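Written out below as structure tokens is the structure these notes cover.
The values are calculated or read from the model by the stated rules, or taken from the named source; none is laboratory data. If you're wondering where the values come from, they're calculated on a predicted model, not measured in any experiment. As a convention, Cβ positions derive from the backbone with ideal geometry for all residues, glycine included, and neighbour counts pool all protein chains shown. In case anyone asks, the SASA skips ligands and DNA or RNA and just uses the protein heavy atoms, side chains included. Shrake-Rupley method; radii C 1.70, N 1.55, O 1.52, S 1.80 Å.
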Amino acid sequence: MRLPNCFVFLVIIAMTILGAILALPNHKRCPSPPPLRATQYEEDYSYLLNRTCRTDPWDIIKYISLSEKGDWFFSLGGEVRERYEYFDNY
């Protein structure tokens, strides 16, 4: 049984694309955001130095570079503490 030439050509193209994707350096891939912790100073957003990793609208304030190399950065965050109060005959 002989395979058609177009099928062989498509397999070669698919293998080439797959090989190129797997050969990308690891620093180009974006890690997942760090898990939320009890203390915010433990969170590390240095992966946002790579601009392609900034997918969340809030990433602009999570990583503000303070040096050209990107080893110094400023990060802003926030939290919401909801509280219900009810006074009767105060």
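Just a few scattered comments:
- Exposure of Tyr47 as accessible area (Å², to 10), given a probe of 1.4 Å and all protein chains: 40
- Amide H contacts under 5 Å for Ser65, placed H, 5+ residues apart: Phe74
- Share of carbon and sulfur in the accessible area of the chain stands at 62%, probe radius 1.4 Å.
- Ranking Thr16, Thr55 by solvent-accessible area of protein heavy atoms (1.4 Å probe, all protein chains present), from largest to smallest, gives Thr55, Thr16.
- For the chain, Cys6 have no disulfide-compatible partner, since no other Cys C-beta lies under 4.7 Å from theirs.
- In degrees, nearest ten, helix 5-22 long axis to first principal axis of the chain (Cα): 40
- Labels on offer are (i) -0.91, -1.19, -1.29, -1.33; (ii) -1.00, -1.22, -1.24, -1.25; (iii) -0.80, -1.07, -1.19, -1.25, and the one holding log10 I(q)/I(0) by the Debye sum over Cα atoms at q = 0.18, 0.23, 0.25, 0.26 Å⁻¹ computed from this structure is (i).
- Pairwise FRET efficiency - Thr16 versus Glu79, Cβ, R0 = 41 Å, nearest 0.05: 0.30
- Charge dipole (debye, nearest 20) of region 32-90; +1 at Cβ of Lys and Arg, -1 at Cβ of Asp and Glu: 240
- When the Cα positions of Tyr41, Phe74, Ile12 are compared along the charge dipole of the chain, Ile12 comes out farthest toward the positive end, with charges on each C-beta of Lys, Arg, Asp and Glu.
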